[in-house]
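The numbers here are math on the coordinates, done by the rules we state, and not lab data. On a predicted model such as this, the values are computed, not experimentally measured, just so you know. Don't worry about glycine lacking a Cβ; one is built from the backbone with ideal geometry, like all the others, and counts go over all protein chains shown.
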Amino acid sequence: MKNILITGGAGFIGCHVVKLFVKNHPDYKIINLDKLTYAGNLENLKEIEGYSNYEFIKGDICDIDLVKDIFEKYSIDSVIHLAAESHVDRSITNPFEFAQTNIIGTLTLLNQAKISWQDNPKDKLFYHISTDEVYGSLGDSGLFTETTHYDPKSPYSAAKASSDHFVRAYHNTFNIPVVITNCSNNYGPNQFPEKLIPLFINNIQQKKPLPVYGKGENIRDWLYVEDHAKAIDVVFHKGKVGETYNIGGFNEWKNIDLIKVICKVMDKKLCREKGESEKLITYVKDRAGHDMRYAIDATKISKELGWKPSLQFEEGIEKTIDWYLENTEWLKNIISGDYQEYYNKQYNLR
Ligand code: NAD
Ligand code: TYD
């Protein structure tokens, strides 16, 4: 029996983690704390709403009193912390919000864990979900390992890096049992259409321009979101306290090549003429401080904990596109409202 507080469980990765834990571990009680920002969506969790081992609480991880009440009321013994502001472009326009949620929010949770667990840290765990972006940007070669020096370059990654440091500091100073994972770019169902893959799927469907930053030569390492959720399950149960594990897809793509694959699959699925979607590609001004390349060496988690990605990219991208084409209502609900305002400001494209 465990009482697990999952934060950010209504977001993209969080909803897959919550669903996996609620369904696969009926003996665990899962408390999902989420503020429901623009990125949080309870639609993502419909299928587990009725489960007796699941409870949702709408609230802010920066709210000290609320976090205290939750720890006490539910005798929280584990935290899986995903709540964050997560989009680099938004961090460029509003860095303060990123510092508040990603740093102060993490500190609020850590400090409550310290208060609640310090006298009896046995069988407790604070699991912090982080990103490969804390390591900065790679050149043509090399991979990020767990010992790569931190070198964050965007307000988003700077805030995530800072939160990672606080987690390690609480382990070192107060003996709080922690584990951290740093994962590469995720893709799959339920991702908010501000990130590259769902944004482009949506724009292709609507025959809107596909805004490629710079020359489209930046490289990312993509992992299917359910494989990340499985890795989180493995690290939660088998990870060594105080350790860091990198999680990645062994799957690097130059943006423009990835975009062409999406265009090709979409042409086929939508019965459009070959090459029709590629015509929508529009090169736009580059992102400020755009990191060139991310790539993860996931050898440690694979060797020590036996985790490997299960899906090949071709299969993952088909599954993702199918999901978006089958869930038009989900997409429609999101892109009405504030999304349009964000989109017009960010891209200034029709
Ligand atoms: P997301 O933006 O889709 O979801 C974030 C969730 O956190 C939302 O449900 C939102 O409502 C909630 N939230 C935001 N501020 C909050 C607050 N103050 N209090 C409570 N809840 C709040 O993000 P995601 O892509 O699912 O990322 C989840 C985590 O994984 C983040 O910590 C991110 O840094 C990390 N990560 C993401 C990726 C990726 O490719 N998406 C890769 C590696 C690591
Ligand atoms: P994104 O999904 O925002 O993830 P991250 O910046 O955290 O890696 O972007 C992935 C890549 O796609 C990144 O190199 C930026 C690029 N990109 C575009 O070219 N156009 C876009 O409209 C977006 C959102 C991203």
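Some notes on this structure:
- Computed over the stretch 1-156, the range of Cα coordinates on each principal axis works out to 49, 39, 30 Å, biggest value leading.
- Shape analysis of the stretch 122-273 based on the Cα gyration tensor places the equivalent ellipsoid semi-axes at 34, 17, 13 Å, largest first.
- Rg/Rg_globular for the stretch 303-350, with Rg_globular taken as 2.2 N^0.38 Å and Rg from C-alpha atoms: 1.77
- Taking LYS160, LYS285 and counting other C-beta atoms within 10 Å, the order from fewest to most: LYS285, LYS160
- Out-of-range pairs (alpha-carbon distance over 20 Å; input LYS58/LYS160; LYS207/LYS274; LYS19/LYS230; LYS215/LYS285): LYS58/LYS160
- Trypsin sites (Lys or Arg not before Pro) restricted to DSSP loop in the stretch 242-282 with at most 10 other C-beta within 10 Å: LYS274
- Principal axis dimensions, the chain - Cα atoms, whole angstrom, descending: 65, 45, 38
- Exceedance of the 21 Å cut-off in Cα-Cα distance is limited, within the set LYS2/LYS68; LYS2/LYS46; LYS264/LYS332, to LYS2/LYS46; LYS264/LYS332.
- The order of LYS208, LYS73, LYS23, going from fewest to most other C-beta atoms within 10 Å of their C-beta, is LYS73, LYS23, LYS208.
- Förster-model FRET efficiency, 35 Å R0, THR173 and LYS319, C-beta, rounded to 0.05: 0.20
- Overall dimensions of the stretch 1-72, expressed as equivalent-ellipsoid semi-axes from the Cα gyration tensor (√(5λ), whole Å, largest first), are 18, 16, 9.
- Cβ-to-Cβ counts within 10 Å put HIS81, HIS171 in ascending order as HIS171, HIS81, the fewest first.
- Here the extension length gained between SER75 and VAL284 equals 70.2 nm, from 0.36 nm per residue of separation less the Cα-Cα distance.
- Separation in nanometres of the label points that stand 7 Å from Cα toward Cβ, at LYS274 and GLU49: 4.6 nm
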